[in-house]
Amino acid sequence: MANRKPNKHNAKGRKNSEVQSTLRIIGGQWRSRRLSFSAIEGLRPTTDRVRETLFNWVSPIIPGARCLDLFTGSGALGLEALSREASSVTFIDQSPVATRSLKQNLQLLQATNADVLTTDAVKWLKNTTPDTPYNIVFVDPPFRCGLVYDCLEQLKSKPFVTTGAYIYIEIEKEAARPQTPTHWRLHREKEAGQVRYMLFICE
């Protein structure tokens, strides 16, 4: 998803709405669709290789899943989930440029089962108590900001996930593995380039 320079808390970098980047949806109903999104300095969608591996991992629970996509950036993870028949995705990003592009792509795809919130992800977690837990949570914040650890503190303090839920975490390779609740079991872990990505299952 989004690897951005750590300018400030949940920083999105310098805006440049005139430049467009593209992402490709890998599988599902929108397979091979290419979507444009506004370029933001430091933003890079999760690579095709990593996304393909991730969605192979979560394939058993994707159909019908409620998903939460934190620090959504281009929306690559949440859009991939919707393409593979997730029941809904809540997208959260602080950048109005990012969320505006995402809303345009959802409209283009005629996807009505998504909510897009322009807000700080950590603050949203602190201020929100979900009525229904999520089945899959994607945590892919800007690198080198410590935001993974802030998110995990909130995710484990409220009923965001329940038994059987999957929690995906993407961090820089050199970062210390985040401490997770004892009932979150590490299911898969890999490295690709400068990225370490992990999938936990809530037991």
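We did not get these values from a lab; they are worked out from the coordinates using the rules stated. All of these numbers come straight from a predicted model, not from anything done at the bench. For neighbour counting, all protein chains shown are included, and Cβ atoms are generated from backbone atoms with ideal geometry for every residue, glycine included.
How would you order 155-163, 54-62 from highest to lowest mean count of nearby Cβ atoms within 10 Å?
Result, highest mean first: 54-62, 155-163.
Show me, for the stretch 56-66, the HN-Hα J-couplings you get by feeding each phi into the Karplus relation (A = 6.51, B = -1.76, C = 1.60, θ = phi - 60°), rounded to Hz, glycine and proline as x.
For the stretch 56-66, the Karplus curve yields 5, 5, 8, 4, x, 10, 4, x, x, 6, 8 Hz.
Under the rule of -39500 (n - 2.57) per DSSP H run of 4 or more residues, summed and divided by the residues of the chain, what mean residue ellipticity at 222 nm is obtained, to the nearest 500 deg cm²/dmol?
-7000 deg cm²/dmol
Around residue 188, which amide H atoms from residues at least 5 apart in sequence, or from another chain, sit under 5 Å from its own amide H, with H modelled in the peptide plane?
199
Using amide H atoms built in the peptide plane, which far-off residues or other-chain residues are under 5 Å from residue 87 H to H?
64, 65, 66
Highest first, please rank the peptides 85-97, 28-40, 135-147 by the mean number of other Cβ atoms sitting within 10 Å of their residues.
The densest-packed peptide leads the list: 135-147, 85-97, 28-40.
So if I take the centroid of the Cα atoms in the stretch 159-188 and the same for the stretch 189-203, what is the distance between those two points in Å?
About 8 Å separates the Cα centre of the stretch 159-188 from the one of the stretch 189-203.
Taking the dipole about the Cα centre of the chain, with the C-beta of Lys and Arg at +1 and of Asp and Glu at -1, give me whichever of 186, 129, 50 is farthest to the positive side.
Final value for the positive-end residue is 50.
Report ³J(HN,Hα) in whole Hz for each residue of the stretch 188-202, in order, from the Karplus equation J = 6.51 cos²θ - 1.76 cosθ + 1.60 where θ = phi - 60°; Gly and Pro get x.
Working through the residues one at a time gives 8, 8, 8, 10, 8, x, 9, 10, 10, 10, 9, 10, 10, 10, 7 Hz.
Under 8 Å for C-alpha pairs, at least 6 residues apart: give me the relative contact order for the chain, rounded to a whole percent.
Averaging sequence separation for qualifying contacts and normalising by length gives 19 percent for the chain.
For a Förster distance of 25 Å, can you work out the FRET efficiency between the beta-carbons of residue 108 and residue 19, rounded to the nearest 0.05?
It comes out at approximately 0.85.
Counting Lys and Arg as +1 and Asp and Glu as -1, each charge on the Cβ, what is the dipole of the chain about the Cα centre in debye, to the nearest 20?
So the magnitude is around 380 debye.
Can you find, among 28, 145, 199, the residue farthest towards the positive end of the dipole of the chain? Put +1 on the C-beta of Lys and Arg, -1 on that of Asp and Glu.
About the Cα centre, the residue reaching furthest to the positive side is 145.
Using 1/(1 + (r/R0)^6) with R0 = 22 angstrom and r between the beta carbons of residue 191 and residue 149, what's the FRET efficiency to the nearest 0.05?
Given R0 = 22 Å and the Cβ-Cβ separation, E is 0.70.
Once Rh is set to the Kirkwood radius over Cα pairs, what Stokes-Einstein translational diffusion coefficient, in µm²/s, holds for the chain at a temperature of 10 °C and a viscosity of 1.306 mPa s?
95
Enumerate the residues in the stretch 181-203 having an amide nitrogen under 12 Å from the point lying 7 Å beyond the Cα of residue 53 toward its Cβ.
188-199
Residue-wise, which Karplus ³J(HN,Hα) couplings in Hz belong to the stretch 118-125, taking 6.51 cos²θ - 1.76 cosθ + 1.60, θ = phi - 60°, and x for glycine or proline?
These are the phi-based 3J(HN,Hα) values: 9, 6, 6, 5, 5, 5, 4, 4 Hz.
Using amide H atoms built in the peptide plane, which far-off residues or other-chain residues are under 5 Å from residue 33 H to H?
Residues meeting the criterion, in which the H sits 1.01 Å from N, are 25.
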